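Novice: Starting off with a structure, shown below.
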Amino acid sequence: TYFTVIVVLMMDNVDDKSDKIVRKEDPEVTAAKNKLYSSSVLTPSILPEHRMVAVRSHTGKIALVRQLGSTVDFVLDYESETRVELERFGFRVIVYNSAAKNTTLARLSNQLKINE
């Protein structure tokens, strides 16, 4: 099974409404992308830059996923609030704990198996 992966980068929320739009040229977006690429596992050939989108709020993240609509097989997220919001609209959401031990990775791997 193959998946199209889109990574949503959560940027710091700002108070100034004129600054809420996140642009791909923003230094903080570039820094977040570079941090992902600095690992020896993730490279631009595995996750191209155009597959990363930045948002500043939880609401923005939910709106983005809803706009992708039926092309989304599942959402993998670290916030249980995301599950609550997206399951209302019929999305399959898997919440993971970033502080979890390796045993959680095995359970997560089983959850990612899509029934055909």
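Novice: Can you tell me which residues in the range 34-65 are in a loop (DSSP other than H, G, I, E, B) and touching an Asp or Glu at 6+ places or on another chain (Cβ under 8 Å)? Reasoning before the result, please.
Specialist: So in the range 34-65, the residues in a loop (DSSP other than H, G, I, E, B) come out as 38-48, 56-57.
Hit for the range 34-65 is R56, nothing else.
Novice: Also: From the set of residues in the range 1-15 that are at pLDDT 65 or above and hydroxyl-bearing (S, T, Y), which is least open to solvent (accessible area, probe 1.4 Å)? I'd like the intermediate steps shown before the answer.
Specialist: Applying the first criterion (at pLDDT 65 or above) to the range 1-15 yields 2-13.
This time we only want the ones that are hydroxyl-bearing (S, T, Y), so: 2, 4.
Values: Y2: 213, T4: 103 Å².
Selected residue: T4.
Novice: Right, next: Looking at S38, S57, S18, which one is of a type in the set (G, A, S) and modelled with pLDDT under 85?
Specialist: Working: S38 fails: modelled with pLDDT under 85; S57 fails: modelled with pLDDT under 85.
It is S18.
The values are calculated or read from the model by the stated rules, or taken from the named source; none is laboratory data. Bear in mind the structure is a predicted one, so any value in this text is a computation, not a measurement. Cβ: placed from backbone, ideal geometry, glycine included. Neighbour counts: every protein chain shown. SASA here: full protein model, heavy atoms, side chains in, ligands and nucleic acids out. Shrake-Rupley method; radii C 1.70, N 1.55, O 1.52, S 1.80 Å.
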